[in-house]
Amino acid sequence: MISPLIPTYARKDVAFARGEGAYLYDADGRRYLDFGAGIAVTALGHCHPRLVAALTDQAERLWHCSNMYHIPGQERLARRLVDATFADSVFFTNSGAEAVECGLKMVRRYHDTTGNPERYRIVACRNAFHGRTLATIAAGGQDKHLDGFDPVVDGFDHVAFGNLNELGAAITPETAAILVEPVQGEGGIHAASADYLRGLRRIADEYGLLLFFDEIQCGMGRTGRLFAHEWAGIAPDVMAVAKGLGGGFPVGACLATERAASALTPGSHGTTYGGNPLAMAVANAVLDEVLADGFLDRVEAVAAVLWGRLEALVADHPGVFEEVRGSGLMVGLKCVADNQAMVRTLLENGLLVVAAADNVIRLLPPLVIDESHVSEALDILERACADLEATEATA
Ligand SMILES: *Cc1c(COP(=O)(O)O)cnc(C)c1O
């Protein structure tokens with residue numbers, strides 16, 4: 001018999017009762033070091049006092065207000081995101097998929113309103129992930145997400161991530177935009193090179209395309225810059241943001257240049273909850289922390305410590321891990337054996353990580369960890385490696 005919850009997840013056998021900083025606790029009080037952060041969501045750790053205060057303070061004043069009215073928290077957050085990025089204008093959503101969807105609609109309407117309605121196709125990458133709506137699974141182009149949901153939404157052409165030649169060859173007079181994750185998350189933690197991102201900008205300019213980055217997982221400080229594309233010194237025309245933006249409160253945003261954003265006029269797009277006062281209060285508080293002096297420097301510094309330790313781990317245990325890759329605190333460890341088994345072993349040992357494609361486990365710790373958390377995580381990883389090697393030796 002089906003469970004009351006539609007079984008779309010193969011859930012691990014654990015439920016958490018409370019969280020504090022980098023730790024989660026189950027109902028029995030057992031403590032777990034959370035290096036998954038709800039898939040790069042709880043960027044400031046669990047129940048950060050400033051976020052709790054912002055949320056409860058807002059909850060006592062006003063929860064919901066339609067986008068038919070001005071929402072001061074939205075205006076403030078949009079202004080701050082505009083000031084901190086390439087963007088001139090922002091649309092708020094409840095989720096990442098909706099932020100991508102907004103960008104997809106913007107791209108089509110941009111070409112429509114500038115006299116090129118035939119330009120509607122988007123070149124995206126294989127192994128990409130852009131969400132689970134009909135349009136965003138089409139954008140992701142992965143069979144495992146598309147299976148059973150035909151007909152696939154039209155308008156997406158897929159090329160290999162990192163290959164500018166293949167991308168250039170896929171452009172036709174119908175192409176409207178290029179959609180890329182600067183660091184692929186679900187696809188197995190593949191960081192684009194700066195040259196690749198610069199090449200995308202060059203090709204977009206050459207063919208009059210909009211460049212659309214999905215920074216839902218890699219943005220909001222995760223790589224040590226506010227947004228991952230900043231490392232390449234170029235900017236997109238459109239960008240989807242979510243996950244870390246709300247630190248655990250559901251919120252997303254589609255950021256765009258004036259040129260692109262002007263395509264969305266009154267009535268052309270909308271949302272009931274997007275930019276809700278509760279979400280805005282929390283996201284503004286997240287931004288207070290992430291934009292504070294020294295925050296991103298500390299992310300870079302602790303990431304360097306983590307990378308040093310992980311490189312040593314991989315070198316010491318070539319039978320368990322093949323490689324460490326990624327950027328900043330968005331790290332992938334490619335496993336020799338089954339990554340799901342590794343996720344379970346680490347869970348049993350009190351460390352939460354997330355599986356990704358290509359037999360990778362993802363380490364996406366809160367951005368506020370310090371060296372003691374790195375040491376604790378590495379102790380657990382070392383123990384798991386030693387246990388695995390011991391079992392193999394006796395087998
Ligand atoms: C998580 C994610 C999404 C989808 O976000 P939801 O909030 O689950 O809709 C889209 N793109 C990337 C890169 C993501 O990591």
Inset, instruction - Counting only residues that are without any contact (Cβ under 8 Å) to a residue 40 or more places away in the chain, give me the strands (runs of 3 or more DSSP E) lying completely in the range 1-99 with at least 1 of them. - result: 16-20, 23-26
Legend entry - Residue in the range 212-240 that is most open to solvent (accessible area, probe 1.4 Å), counting only those that are near the ligand (Cβ under 10 Å from one of its atoms) and among the hydrophobic types (A, V, I, L, M, F, W, C): Ile216
Inset, instruction - Tell me which residues, restricted to the range 188-206, are open to solvent by less than 10 Å² (accessible area, probe 1.4 Å) and in a helix (DSSP H, G or I). - result: Tyr196, Leu197, Gly199, Leu200, Ala204
Inset, instruction - Go through Leu278, Leu245, Leu264, Leu209 for me and flag whichever is open to solvent by less than 10 Å² (accessible area, probe 1.4 Å) and away from the ligand (no atom under 16 Å from the Cβ). - result: Leu209
Inset, instruction - Considering (1) loosely packed, with under 14 Cβ neighbours inside 10 Å; (2) within 16 Å of the ligand (Cβ to nearest atom), say which one Ala53 fails and leave the rest. - result: (2)
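Here's the yes/no breakdown for (1) farther than 15 Å from Gly246 by Cα; (2) touching a His at 6+ places or on another chain (Cβ under 7 Å); (3) within 16 Å of the ligand (Cβ to nearest atom); (4) open to solvent by less than 20 Å² (accessible area, probe 1.4 Å):
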residue: Tyr32; (1), (2), (3), (4): yes, no, no, yes
residue: Cys47; (1), (2), (3), (4): no, no, no, no
residue: Ala59; (1), (2), (3), (4): yes, no, no, no
residue: Pro72; (1), (2), (3), (4): yes, no, no, no
residue: Arg79; (1), (2), (3), (4): yes, no, no, no
Inset, instruction - Go through (1) in contact with a strand residue (DSSP E or B) (Cβ under 8 Å, 6 or more places away or on another chain); (2) open to solvent by 20 Å² or more (accessible area, probe 1.4 Å); (3) within 22 Å of Phe16 (Cβ to Cβ) one by one and return the number of the condition Leu346 breaks. - result: (2)
Inset, instruction - Please work out which residue is farthest from the chain's Cα centre (by Cα), limiting yourself to the range 132-187 and to residues that are under 17 Å from Arg108 (Cβ atoms), open to solvent by 10 Å² or more (accessible area, probe 1.4 Å) and within 16 Å of the ligand (Cβ to nearest atom). - result: Val153
Legend entry - Flag if Leu264 is touching a Leu at 6+ places or on another chain (Cβ under 7 Å) and of a type in the set (A, V, I, L, M): no
Inset, instruction - Please work out if Cys125 is within 16 Å of the ligand (Cβ to nearest atom), over 14 Å from Glu181 (Cα atoms) and open to solvent by less than 30 Å² (accessible area, probe 1.4 Å). - result: no
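The values are calculated or read from the model by the stated rules, or taken from the named source; none is laboratory data. Keep in mind it's a predicted model, so treat the numbers as computed, not measured. Glycine gets a Cβ as well: all are built from the backbone with ideal geometry, and neighbour counts include every protein chain shown. Side chains included, ligands, DNA and RNA excluded: accessible areas come from the protein's heavy atoms. Shrake-Rupley method; radii C 1.70, N 1.55, O 1.52, S 1.80 Å.
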